[in-house]
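The values are calculated or read from the model by the stated rules, or taken from the named source; none is laboratory data. Since the structure is predicted, the reported quantities are computational estimates derived from the model, not experimental observations. Neighbour counts run over all protein chains shown; Cβ positions are idealised from the backbone, glycine included.
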Amino acid sequence: MTTPYPNSPYPPAGYGHGAAYPNPQGGYPGGGYPPQGPAAFGLAMKRRNPVGAWLGLPIITFGIYSLVWYYKINKEMAQFDSRRQINPGTALLAITLGMFLIVPPFVSLYKTGSRIADAQRAAGLNPSCSGGLGLLLGFFGFGTLYYQIELNKVADRYQQAPPGTQVQLAV
């Protein structure tokens, strides 16, 4: 059953007073706050060696790995928290062909830092990634290193879960 008002705090017609809905008199059955459960589920991210992603593999592949890495981290963040709208293809397009328009690569790099902070928050961590700092470090060639270190904090939070397996998000 669904209600015509999906954001209504009251249950649809035909539902009893279960633990998930407030009493008509106010409050929840048994008193207190609404029951707390996992906020959502997502897929665990892969932990990568920051120096390898920043320097090693890009040198070996003549810079191609940097583009692959950028696509992959945006795709993993989209799978980690599907509540966020992340299009890895658009992010990659912004830093490649978007450079002819000058602004899109900077916006994409900044937004990637914000997405990493959102992923940290969703993992229950204190967000420490800054899109502004990542953009600034990107000017000096250290953006990938910084972003991968910050992403590894999320991966380490779920270190028992292999990449691609379902994990609970905290927020």
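For the range 103-120, state whether one or more residues are of a type outside the set (Lys, Arg), touching a residue at least 60 places away in the same chain (Cβ under 8 Å) and in contact with a helix residue (DSSP H, G or I) (Cβ under 9 Å, 6 or more places away or on another chain). Show your work before the answer.
Pass one, the range 103-120, residues of a type outside the set (Lys, Arg): 103-110, 112-114, 116-120.
When the remaining residues are screened for being touching a residue at least 60 places away in the same chain (Cβ under 8 Å), the result is 119.
With in contact with a helix residue (DSSP H, G or I) (Cβ under 9 Å, 6 or more places away or on another chain) added as a condition, the list becomes 119.
Yes, that holds for at least one residue.
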Restricting attention to the range 86-111, which residues are more than 21 Å from Lys46 (Cα to Cα) and assigned to a loop (DSSP other than H, G, I, E, B)? Ile102
Does at least one position in the range 36-55 carry a residue that is modelled with pLDDT of 95 or more, under 15 Å from Pro163 (Cβ atoms) and in a helix (DSSP H, G or I)? yes
Residues of the range 138-164 being without any contact (Cβ under 8 Å) to a residue 60 or more places away in the chain, among the small types (Gly, Ala, Ser) and either surrounded by 15 or more Cβ atoms within 10 Å (Cβ to Cβ) or within 18 Å of Lys72 (Cα to Cα) (or both), in sequence order, are Gly138, Gly143
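Return yes when Ile64 is out of contact with any strand residue (DSSP E or B) (no Cβ under 8 Å at 6 or more places or on another chain) and under 25 Å from Tyr158 (Cβ atoms) and no when it is not. Steps first, please.
Numbers: out of contact with any strand residue (DSSP E or B) (no Cβ under 8 Å at 6 or more places or on another chain): yes; under 25 Å from Tyr158 (Cβ atoms): no.
In short, no.
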Just to be sure I understand, how many residues within the range 112-137 are part of a helix (DSSP H, G or I), buried (at least 18 other Cβ atoms within 10 Å of the Cβ) and not aliphatic (A, V, I, L, M)? 7
Can you find even one residue in the range 92-105 that is assigned by TED's automatic domain parsing to the domain that holds Asn49 and under 18 Å from the mean Cα position of the chain (by Cα)? yes
Just give me the residues in the range 89-111 being surrounded by fewer than 18 Cβ atoms within 10 Å (Cβ to Cβ) and among the small types (Gly, Ala, Ser), in sequence order. Gly89
Go through the residues of the range 81-88 one by one and say whether even a single one is surrounded by 12 or more Cβ atoms within 10 Å (Cβ to Cβ), at pLDDT below 95, within 16 Å of the chain's Cα centre (by Cα) and more than 26 Å from Leu133 (Cβ to Cβ). yes
